[in-house]
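Since the structure comes first, as structure tokens, the remarks are kept for the end.
The values are calculated or read from the model by the stated rules, or taken from the named source; none is laboratory data. All figures in this text were calculated on a predicted structure; none of them were measured in a lab. Using ideal geometry, Cβ is built from the backbone for each residue, glycine included, and neighbour counts are taken over all protein chains shown.
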Amino acid sequence: MGEYITEFSKYLITLFASFYTYECFAVFRYQTEEERSGIYLRQNLLLFLVHVSCFLPVYVKTGRIEFIFFFLFQQIALYATIVFYHLLYPEANRLIINNMCFLLAVGFIVLMRLSYDKAVRQFIITVVSSVIGLCIPGLITRVRKWKDYTWFYAAGGIAALGIVLALGRVTNGSRLFYSVLGVSFQPSEFIKLVFTFFVASILCKSLSFWNIALSALLAGIQIFLLALSRDLGSALIYFVTYVIMVYLATGHKRYLFAGLLGGGAASCLAYRLFSHVQVRVQAWRDPWSVIDGGGYQITQSLFAIGCGGLFGLGLYQGMPDSIPYVETDFIFSAITEELGILFSLCLILIYISCFIMFMYTAYSIRDDFYRLAAAGLGVVYIFQVFLTIGGGVKLIPLTGVTLPFISYGGSSVLSTIVMFSVIQGLYLTGGKRYVPRGGKAGKRR
Amino acid sequence: MSPEEGKREKGGKKEIVQVTVGFVALFFVLMGYFVFYAATHKEELLNNSYNSRQQLFGEQNRRGAIYARGGEILAETVCDKSGDEVRRYPYDEMFAHAVGYLEKGRSGIEAQANYYLLRSDIPAVDKVKEEIGGKKNPGNNVYTTLSVPLQEAAFHALGIYRGAVVALDPKTGEILAMVSKPDFDPNRISELWEEIIEDDESGTLVNRVTQGLYPPGSTFKLVTTLEYIRENPESYSSYRYTCSGSIEGENSRISCYHGSRHGTVDLRHSFSESCNSSYANIGKQLDREAFAETLDGLLFNQPLPLRFAYNQSSLAVGPDTSEDEMMQAAIGQGKTQITPLHLAMLTAAAANGGILMKPYLLDRVETAEGGTVKRFAPEEYKRLMSEEEAAILSDYMKEVVESGTGTKLSGLSYTAAGKTGSAEYNRQKGESHAWFTGFAPAKDPQLVVTVIIEGAGSGGDYAVPVARRVFDAYLDK
């Protein structure tokens, strides 16, 4: 019996996940949340089916009773999040919540397979984060003057990133973590939200050349601090977010080109100055020649990806442990190995559907500041997904950022849940710009 | 700032849509790359020695068998008395280089087809049954293009000599025989290993067909002739040269083999008699740039369209090449180096109307139950020469067998065509490798055979009889 479950569950997982993914895009056929509610219910059912068909082989393999309890807690937490969100914020977008829970469920399963202890830790942090996340839209609504705190955002960002640079704990050559009262966290994960607010608020004040120059200076300082901490992935995310937000605010393509040029120049400079950048680029261009050194991680990741096939080897049938830092930087490769290429494509599509919904939501916000901030957060999120998956499959050099909701890491999970909740809050607070009534395009104002 | 800009919505409709579309497009590139990479690199990734998943598959599946085209087993995994899995090679040394070995790293087809042999594509239901029975899944079996009778003929014909024989079908590119000597018994590779490794001089593990680099000697006159015809399409047939046994260059002198004098020869007889002086004379006249282009087109200094390990052939000709070097190049001496397989490919192109088919060794992959996993069809690589050029070369090669240096292949039940070579590798001692490359039947070529015998002497005397035994085994049934 057990053998049958292990062998066939992978086909079921792929099947249910593809139905779920289909529904993710089917929502966009309807304009209002009421019309979409059937889809959302089906998604909730499919989430349950995927979760169960992932859990069965895990249980067959381990046979540990505590896994059943852990699985039940996961179920409770996920459905509680969905239900409470809907009760507290009936207007909030349910696709975003469903996708968040789907990705969290996948993360729990994969972490459980890699390391039970880490999965439990991650679960506890997720539960706390979800509770915090539930309060955030309300907080966004209550505090009215988010757009006036420009200098506070800038000062806070510079201070926090400066402290990490000066006092942070060094892990693998980068200063990413800072401990307060015994709790270690990664400030760059949270400052990126503040950073987005800062850029949105300063650009809402004025679009004069000097104001944009000032924003560039203040953003540049933060990016520079990140680069000095060797947190290259975050530096890149901040940079791209800034450039795109300036473009969104001004509508001038010249800022995109200027950003591209400046970014290119900065990358070349970083490549010349920092040996760790050279190592990463070398490992990207030809990992096989440095397989014993800088290329080891990426080649192990590629081995995992090349091994899975369409439906994967099945949970516990592969060797994802052979990739160093698999649970943080390379979880996507572990998923591809054991759950298959089709499932991985579904995951990517689910990330994309979230992003499209973010931008669609941002697009319908009336207030300039809220709209710009929401779109900026969407960019932060999707670009991070691109960096981590693109790095894992060797499309781009490795940057060492996490896969939102799935990768192991408390700061990452908390900040992503907060980010999703902030976007909901912005949407609920900023007022709707368009009132879609079945027509193709709504009227402005 | 213009007043319009002040009122403008920050984050307008158009820009948000553009940014969204841009990122979605980026992700489509990512997904496309991801799927493409995983699909096209899976074999190479699994074969990498750093990939520990090989052991994983080894624990789950029993390695598949390798078969010859007639269904004979060339390699299989069996259990010995103590129940351990061992790899058995029923033909011992005969297929040593072609099929390769498994322990001590992999080589030959064991390396090339490793991905298929490791994996098991039997239906999921059967896999579950095997697992419940506590048995390993039977791995996929690989059927090769190799022919046992032909390999046998080539193996025995080469005898105790060092060298290589390769036979392929010019119309499909199927490799039918691939013999390299000295050889070893792959069944005993582990016990022989120390001895083989310590012997620096023999190069026992080198597959001389694909990796042995030799001066091509007179067989290279195929290339020189082709270039001369290309440069003189109208007048090549009226070429004349009077051979007095040697020719002077700026600082060197080239002699005909064993001092023979060929008298007045045209191009056809320069080729069939293998007159070095005449070809050195042609070498002096060749346009260096055009020659370099022809060499590129014939895959010198280029990667070959092969799916297994090989060495690149080399010959550099450029504007600075001296006259002496051109004379040497024209007769296949000097810096020129070629593998027997590459020479066989050039011969096959001439035999196949100018079109080179990609040489290949794997015919198909089947599951243990006989279901097809993958089939490898003949693939055209590209046209290396025009039909007329191929016809002229074939005609000249026929002349070699009829009246020239290859007469040991004449008067048989089939008509053969080819070119001999005696490639000097030690000037002082006058030692040379014996070459032959050719095909038969001349009218409807079915088999290309290329032979090199190290240090044997003249190609006509030593290599041609070996080739003849291979042709006989195939055509004279």
Would you be able to tell me the number of residues in the stretch A:10-34 that are away from chain B (no Cβ under 11 Å) and within 20 Å of residue A:312 (Cα to Cα)? 10
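So which of A:109, A:124, A:132 ends up being assigned by TED's automatic domain parsing to the domain that holds residue A:57 and buried (at least 19 other Cβ atoms within 10 Å of the Cβ)?
After ruling out the rest, the residue left standing is A:109.
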Have a look at A:434, A:363, A:427 and point out the one that is at pLDDT below 95, farther than 25 Å from residue A:243 by Cβ and not small (Gly, Ala, Ser). A:434
Can you say whether residue A:348 is facing chain B (nearest Cβ under 10 Å), in contact (Cβ under 8 Å) with a residue 40 or more places away in the chain, under 25 Å from residue A:14 (Cβ atoms) and part of a helix (DSSP H, G or I), as far as the supplied structure shows? yes
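Residue-by-condition table, conditions (1) exposed (fewer than 15 other Cβ atoms within 10 Å of the Cβ); (2) under 20 Å from residue B:450 (Cβ atoms):
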residue	(1), (2)
B:373	no, no
B:376	no, no
B:383	no, no
B:387	yes, no
B:390	no, yes
B:397	no, yes
B:406	no, yes
B:417	no, yes
Which of (1) under 17 Å from the mean Cα position of the chain (by Cα); (2) facing another protein chain (nearest Cβ under 10 Å) is the odd one out, the single condition residue A:309 does not satisfy? (1)
Looking at the stretch A:96-105, can you tell me whether even one residue there is at pLDDT 95 or above, of a type in the set (Gly, Ala, Ser) and either in a helix (DSSP H, G or I) or closer than 23 Å to residue A:39 by Cβ (or both)? yes
Run down A:403, A:387, A:398 and say which single residue is part of a helix (DSSP H, G or I) and either surrounded by 22 or more Cβ atoms within 10 Å (Cβ to Cβ) or not assigned by TED's automatic domain parsing to the domain that holds residue A:249 (or both). A:387
Taking the stretch B:436-459 and keeping residues closer than 14 Å to residue B:161 by Cβ, out of contact with any Phe, Trp or Tyr (no Cβ under 8 Å at 6 or more places or on another chain) and crowded, with 24+ Cβ neighbours inside 10 Å leaves B:436
The one condition in (1) surrounded by fewer than 18 Cβ atoms within 10 Å (Cβ to Cβ); (2) in contact with a helix residue (DSSP H, G or I) (Cβ under 9 Å, 6 or more places away or on another chain) that residue B:296 fails to fulfil: (2)
Checking the conditions here, which among A:207, A:161 is assigned to a loop (DSSP other than H, G, I, E, B), at pLDDT below 90, aliphatic (A, V, I, L, M) and farther than 26 Å from residue A:294 by Cα? A:207
So which strands (runs of 3 or more DSSP E) stay within the stretch B:164-283 end to end and still have 3 or more residues that are modelled with pLDDT of 90 or more and touching a helix residue (DSSP H, G or I) at 6+ places or on another chain (Cβ under 8 Å)? B:175-181
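Residue-wise test of (1) more than 7 Å from every other protein chain (Cβ to nearest Cβ); (2) within 28 Å of residue A:343 (Cβ to Cβ); (3) at pLDDT below 95.
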site	(1), (2), (3)
B:9	no, no, yes
B:29	yes, yes, no
B:43	yes, yes, yes
B:57	yes, yes, yes
B:61	yes, yes, yes
Looking at A:318, A:233, A:314, A:259, which is the one that is farther than 23 Å from residue A:385 by Cβ, of a type in the set (Gly, Ala, Ser) and touching a helix residue (DSSP H, G or I) at 6+ places or on another chain (Cβ under 9 Å)? A:314
Tell me which of these residue A:32 doesn't satisfy, since it passes every other one: (1) at pLDDT below 95; (2) β-branched (Val, Ile, Thr); (3) crowded, with 17+ Cβ neighbours inside 10 Å. (3)
Residue pairs qualifying under the 6 Å Cβ cut-off, at least six apart or on distinct chains, with the first in the stretch A:239-259 being at the interface with chain B (Cβ under 8 Å from one of its Cβ atoms) and in contact (Cβ under 8 Å) with a residue 24 or more places away in the chain and the second being among the basic types (Lys, Arg) and part of a loop (DSSP other than H, G, I, E, B), are A:249/B:10
Count of residues meeting criterion [of a type in the set (Asp, Glu) and within 27 Å of residue B:319 (Cα to Cα)] in the stretch B:261-291: 2
